[in-house]
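Okay, so here's the structure we're looking at.
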Amino acid sequence: MAKAVQKIKLSSSRDIPFNKLVLAQSNVRRIKAGISIEDLAEDIARRSLLQSLNVRPVLDAEGQETGMFEVPAGGRRYRALELLVKQKRLAKTAPVPCIVTDACSEITAEEDSLAENVHRVALLGSVSQLSS
């Protein structure tokens, strides 16, 4: 007897005002590798945000959603957006594209953060080499 293929359900995406986002303590990245937050902020200012933030609803003591969202994956992007807000180049209520994971997900925020970092593949050469 053939096994039924399990269907997957992708997380929804939506725009969330920046001031409703908080950086999660569950982010696995502890070393600031790659380009600086300042450089990333400049790139976002120039071309916009290219990759959504991954967020989860923040729950109160009773398990109810508070209207705030934690960012376990996308901390560098969050910090770059935060810098743009501090510089008054981005409104604190600006909508930020986010992938929203269900608060009741069996997958933890730490797993989301780890997956985003582990599954990343480095570029094979510089941008100038790729365009030639």
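The values are calculated or read from the model by the stated rules, or taken from the named source; none is laboratory data. All figures in this text were calculated on a predicted structure; none of them were measured in a lab. No Cβ is skipped: glycine too gets one built from the backbone with ideal geometry, and neighbour counts run over all protein chains shown.
What to note about this one:
- Subset of region 18-35 (residues that are at pLDDT 90 or above and outside any helix (DSSP H, G or I)): LEU21, VAL22, LEU23
- Taking region 73-84 as the range and being more than 13 Å from VAL22 (Cβ to Cβ) and either out of contact with any strand residue (DSSP E or B) (no Cβ under 8 Å at 6 or more places or on another chain) or in a loop (DSSP other than H, G, I, E, B) (or both) as the test, the residues that pass are ARG76, ALA80, LEU83, LEU84.
- The residues of region 66-95 that are among the hydrophobic types (A, V, I, L, M, F, W, C) and under 19 Å from LEU10 (Cβ atoms), listed by number, are PHE69, VAL71, ALA73.
- A single entry from ARG56, ARG89 fulfils the requirement of being modelled with pLDDT under 95 and outside any helix (DSSP H, G or I): ARG56.
- Scanning region 57-83 for residues that are more than 10 Å from the chain's Cα centre (by Cα) and buried (at least 21 other Cβ atoms within 10 Å of the Cβ) yields a count of 3.
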